[in-house]
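Written below as structure tokens is the structure these notes are about.
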Amino acid sequence: MSEGAGTRSQRFFARWYPDVMQRAEDAGQAEIRARHLARARGRVLDLGTGNGFSVPHYTAEVTELVMLEPNPALRAQLQRRTADIRARAWQIVDGDAYALPFADASFDTVAASLVFCSLDRPAAALAELARVLRPGGTFLFHEHVRGTGLRRVVQEVATPVQRRIADGCRPNRDFVGLLRRSPFTVADVDELRMPAGALTVVPMVVGAATTARP
């Protein structure tokens with residue numbers, strides 16, 4: 001695990017992101033997370049846990065929670081939230097979404113919340129999640145996505161700036177399209193609006209996908 005201070009971009013993002021997102025959590029995002037993550041079972045990998053908004057919403061049905069966060073500044077904030085963890089065992093790890101440091105089929109559930117917008121190679125990350133998920137396991141996703149009409153135009157215009165100030169975030173990313181072309185099979189997807197979200201990140205999808213059973 002890297003214990004450095006991280007890049008300037010990572011430190012800047014870790015300073016403002018938690019306060020901005022807290023407004024969305026207070027406006028209803030926390031309830032969305034709670035309903036969604038109640039579906040997690042067994043050994044769970046949470047990809048890009050950040051400062052830990054997802055942590056309190058995992059239930060005692062989780063036997064082990066592995067929280068992967070590559071930003072050292074956010075890992076430090078996450079460490080301070082461990083009292084909220086209800087899983088029977090847990091660990092916080094550094095790692096690369098494109099080369100996850102876990103064996104094949106080693107998780108019952110994998111989850112990602114507002115992560116795939118910032119990944120340079122989202123297809124490779126989806127393939128890695130499918131690799132570490134057991135056959136028949138569940139991928140729980142919660143992502144802001146590309147909109148339509150005027151909103152999509154705004155997202156396209158805003159993307160270069162948002163990538164610079166928000167640690168790579170691309171508001172124009174078609175996550176569902178990527179997911180449908182991945183090794184996963186989409187089981188269900190709800191199209192929602194992020195509570196109190198900025199104009200570029202209001203469209204959101206929450207749902208589940210699965211891997212093929214043996």
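Taking only C-alpha pairs under 8 Å that are 6+ residues apart, what is the relative contact order of the chain in percent? Write out the running numbers ahead of the final one.
Details: 427 pairs, mean separation 42.3, N = 214.
So the answer I get is 20 percent.
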Exercise. Using 0.36 nm per residue, how much length does the chain from VAL20 to GLN77 gain when fully extended, once their Cα-Cα distance is taken away?
Worked result: 19.0 nm
Exercise. Considering only the other residues whose Cβ falls under 15 Å of the Cβ of GLY42, what net charge follows from Lys and Arg at +1 and Asp and Glu at -1?
Worked result: +2
Problem set entry | In range of the label at ARG11: residues from the stretch 49-77 whose backbone nitrogen is under 16 Å from the point 7 Å along Cα→Cβ | 71-77
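State whether the chain is rounded, prolate or oblate according to the following rule on the C-alpha gyration tensor (a ≥ b ≥ c being the square roots of its eigenvalues): a/c under 1.5 gives rounded; otherwise a/b larger than b/c gives prolate, and the remaining case gives oblate. The partial results should precede the final answer.
On the way: a/c = 1.41, a/b = 1.16, b/c = 1.22.
The shape class here is rounded.
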Exercise. Can you give me the Cα centroid spacing of the stretch 161-182 and the stretch 29-48 in angstrom?
Worked result: 21
For this session: List the residues of the stretch 161-188 whose backbone N lies under 19 Å from a point placed 7 Å from the Cα of ALA27 along the Cα-to-Cβ direction.
Result: 162, 166, 170-172
For this session: Would you please classify the overall shape of the stretch 47-105 from the alpha carbon gyration tensor, given that a ≥ b ≥ c denote the square roots of the eigenvalues, rounded means a/c under 1.5, and beyond that prolate means a/b larger than b/c while oblate covers the rest?
Result: oblate
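Each value in this text was obtained by applying a stated rule to the coordinates, not by laboratory testing. Just so you know, these numbers come straight off a predicted model, no measurement behind them. Reconstructed Cβ throughout: ideal geometry from the backbone, glycine too, with neighbour counts over all protein chains shown.
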